[in-house]
Amino acid sequence: MPQIAQLAETYASQIFWLLIFFGFVFFVIGRGMVPKVMATVESRDKQISADLSAAEAARAAADDAEQTWQAQAARQREETQALIAKAKAEGAKTSEASLAKANAVIDARMADADARIAAARANALGEIEAVASEAAAQIVARVAGIRVDAAAGAAAVKEALHG
Amino acid sequence: MAAEQGKVDPMHQFKIEPLFGTDHWQIAGYHIPFTNSALWMAITVAVLFLFVRGGMKRELVPGRWQMAVESLTGFIDNLLAANVGPAGKRYVPYIFSLFAFILFANVLGLMPLALIPGLHPFTPTSHFTVTGVLAVMSFAIVLIVGFWRHGLHFFSLFVPHGTPIWLLWLIPIVELISFLVRPFSLALRLFVAMMAGHVLLEVLSSFVITSTNSGALWGTVVGIPSFLLMIAICALEILVAGIQAYVFALLTSLYLNDAENLH
């Protein structure tokens, strides 16, 4: 086998050229180019992770904004409800008050009217009494020819009328 | 040579020959011609350089080529992170160089480039002079890192946790031997795996050629099955090329883990 047969005459050349070429590989490729390739990979990985974390942060911010917005919307809705309720209550109160006022006016008028009606009735009743006692006196005078005292007649009529 | 004898010499592919008339090159008395082995190391380095170069566009959204280079560096990075931990990061250049150089050399040696006339593929990793240098380098780094970080405490590597006291005379010796065998096992595993595959392919191809030359009957009975087997073994050898590069890088990172973290 040439590896052994040629050992004595070729070992120096083999070692010498291997050291030259492997040295080139190590110093130029291994130490010069490989770290640059790996730095590219590393910067890409870094960029990807940075982008991912930025996206994550943006998502969190969006979630946050939505939450705030929702809270705000809920608060506004509450406020609106309160406002509506207040307006309702106020409206009810005002209408109650005006109703009460109107009621009072109506009640006053009704009382007035009742009083007048009662007065008119009393008046009418008094007149009827007077007419009736006069008529009774005249009837008595015509029928019996007795002159009845006006006061006695009135009392008799009153008794008859009121029982 | 091989062709002149009318048959295939399965060992010829491992022969080292000086190229371009550099046979007389010497440094300090050492004979260092630019051989076919050196040429294929150079081709390996060039292909590897172009491959990694294509992944240096540094785009945020990588193309296919950049993706391929990045997955290779990421593979080594994960290997070291899993086996050594955070301290493994600084060995990425060395382990990457080791893995990529061995992988590209293995695969390039398997390419059917001999179909181009005048081109003789050569696999530097099928020589233990080459794998040995790589293994000794890995072993030396383990020793340097171990003594640098732990001082003489590094010797506690030879006394694993939970060693019974009555075995203290034996375990350190066993551990020391297994430790010292590491560079040899690293070097020989790669060299033997690459050489065996290439020899097997060459032997099978010689079966195909010889049997076909000796008539249609032998060509059918021996040649065709051998050829089918060759196709299957080619696929297996591509797998082995990757696995051996991975094993070399993995074992080196495991040894580095010993040096970094002891047991």
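Shape class for segment B:40-107, computed from the alpha carbon gyration tensor (a ≥ b ≥ c): oblate, with a/c not under 1.5 and a/b at or below b/c.
With every protein chain left in place, what is the accessible area of A:Met33 in Å² (1.4 Å probe, nearest 10)? In the full protein context, A:Met33 sits at about 10 Å².
Nonpolar atom fraction for segment B:69-214, defined as the carbon and sulfur part of the 1.4 Å probe accessible area, stands at 77 percent. All other residues whose Cβ lies under 14 angstrom from that of B:Pro93 are scored, Lys and Arg at +1 and Asp and Glu at -1, for a net of +3.
The mean number of Cβ atoms from other chains found within 10 Å of a Cβ in peptide B:92-101 is 6, as a whole number. Using Cα centres only, tell me the gap between segment A:1-40 and segment B:86-156 in whole Å. If you average the Cα positions of each part, the centres end up 8 Å apart. Remark: segment A:18-81 carries 68 Å² of accessible area per residue (probe radius 1.4 Å; ligands, DNA and RNA excluded). Buried accessible surface for the A/B chain pair comes to about 3900 Å², total over both chains, computed with a 1.4 Å probe. Is the shape of segment B:1-118 best called rounded, prolate or oblate, per the rule: a/c under 1.5 gives rounded, else a/b larger than b/c gives prolate, else oblate, with a ≥ b ≥ c the square roots of the Cα gyration tensor eigenvalues? Verdict is prolate for segment B:1-118. Please state the shape class of chain A: rounded when a/c is under 1.5, otherwise prolate if a/b exceeds b/c and oblate if not, all from the C-alpha gyration tensor. Verdict is prolate for chain A. Membrane-span-like helices in chain B, defined purely by DSSP H runs whose alpha carbon atoms cover 30 Å or more axially and whose average Kyte-Doolittle hydropathy reaches 0.0, are B:128-150, B:171-213, B:224-261. For the pair B:Glu59 and B:Ile177, a Förster radius of 56 Å applied to the C-beta separation gives a FRET efficiency near 0.65, rounded to the nearest 0.05.
The values are calculated or read from the model by the stated rules, or taken from the named source; none is laboratory data. Being a predicted model, the structure only gives us computed values, none of them experimental. Cβ: placed from backbone, ideal geometry, glycine included. Neighbour counts: every protein chain shown. We work out accessible area using only protein heavy atoms, side chains counted, and drop any ligands, DNA or RNA first. Shrake-Rupley method; radii C 1.70, N 1.55, O 1.52, S 1.80 Å.
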